[in-house]
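Read-outs: derived from the displayed coordinates by stated rules, not from any lab. Remember, it's a predicted structure, so these values are computed and weren't measured experimentally. Ideal geometry is used to build each Cβ from the backbone, glycine not excepted, and the neighbour counts take in all protein chains shown.
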Ligand SMILES: C[S@@+](CC[C@H](N)C(=O)[O-])C[C@H]1O[C@@H](n2cnc3c(N)ncnc32)[C@H](O)[C@@H]1O
C-alpha cells in the first residue's frame, strides 16, 4: 500500500470517535504498553539487540529494559532529552538524525525495532514514512519484530495481529519476512 494511503487510513480509524487529545494520548500510551509487553515476550528468546528509534524521555526505553533484562538496547534520537534515570550507557546512545545514524546499523540483525517517532502532523509523518519502513526492515533479523506508531508498509514486513484490546490504527506490529 502507498505510505500516504496507509497513514491516512490509520489516522481515519483513530479519528472515528472524537476525543480530546489527552484521551487520545492516554489510549496511545496504553496501546504502546500492551504491544511492548506482548512483543517483549516474543523476542525474549530471539537473539539480536533491541533498537529504540526515538529515545525521547526514555519511558519506553526504560520499559523495554525492565521487560528484557540484560539485553542490549541501542537508542537513537536527534538530541538527548531523556530523564537521567533512563539514559542508555555509553555506546548504546546514538545522537543525530535517525535516517542517517540508524542506517549505519543496517544488517545488525535486531530482534526488535521500536519506532516511536510519529508526530501526528501529516506533512512530517509522510516525510518520515519515505524512509522509516525500509530502514526498519534493514535493521531486523529474519523473523525479527518491528513495532511502530506509524504504519510501516514494506514488502519485507508482514503485519502481525495486535494484542487483544489494542484498536487498529493505534500501533502497528510487523514480522520481518525471511
Ligand atoms: C515521541 S518521542 C519518543 C518518546 C519515547 N518513546 C518515550 O517513551 O519517552 C519521539 C522522539 O524521537 C525523536 N525523533 C523524531 N524523529 C526523529 C528523527 N528523524 N531523527 C532523530 N530523532 C527523531 C524526537 O527528538 C523525540 O525525542
ask   = Helix 21-43: angle to the longest alpha-carbon principal axis of the chain, degrees 0 to 90, nearest 10?
value = 50
request  = Would you please put 104-113, 41-50 in order of how densely packed they are, using the mean number of other Cβ atoms within 10 angstrom per residue and starting with the highest?
outcome  = 104-113, 41-50
request  = Compute the FRET efficiency between residue 100 and residue 5 as 1/(1 + (r/R0)^6), taking r as their Cβ-Cβ distance and R0 = 30 Å, and round to the nearest 0.05.
outcome  = 0.65
ask   = For the chain, what's the relative contact order in percent, using C-alpha pairs closer than 8 Å and at least 6 residues apart?
value = 26
inquiry  = For the chain, report the % of Cα-Cα distances exceeding 27 Å.
reply    = 19
note = Taking the chain and counting helices only, DSSP H stretches of n ≥ 4 at -39,500 (n - 2.57) each over all residues, the nearest-500 ellipticity at 222 nm comes to -11000 deg cm²/dmol
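Which percent, to the nearest 5, of DSSP beta bridges fully inside segment 3-176 are antiparallel? Walk me through the numbers on the way to the answer.
Numbers: 7 of 23 bridges.
Among the beta bridges of segment 3-176, antiparallel pairing accounts for roughly 30 percent.
Please compute the length gained on full extension between residue 124 and residue 24, using 0.36 nm multiplied by the number of residues separating them and subtracting their Cα-Cα distance.
34.1 nm is the gain from fully extending residue 124 to residue 24.
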message = Can you tell me how segment 111-178 classifies by the Cα gyration tensor, rounded, prolate or oblate, using a/c under 1.5 as the rounded cut?
response = oblate
query = So, in Å, what gap is there between the alpha-carbon centers of segment 86-144 and segment 4-52?
reply = 15
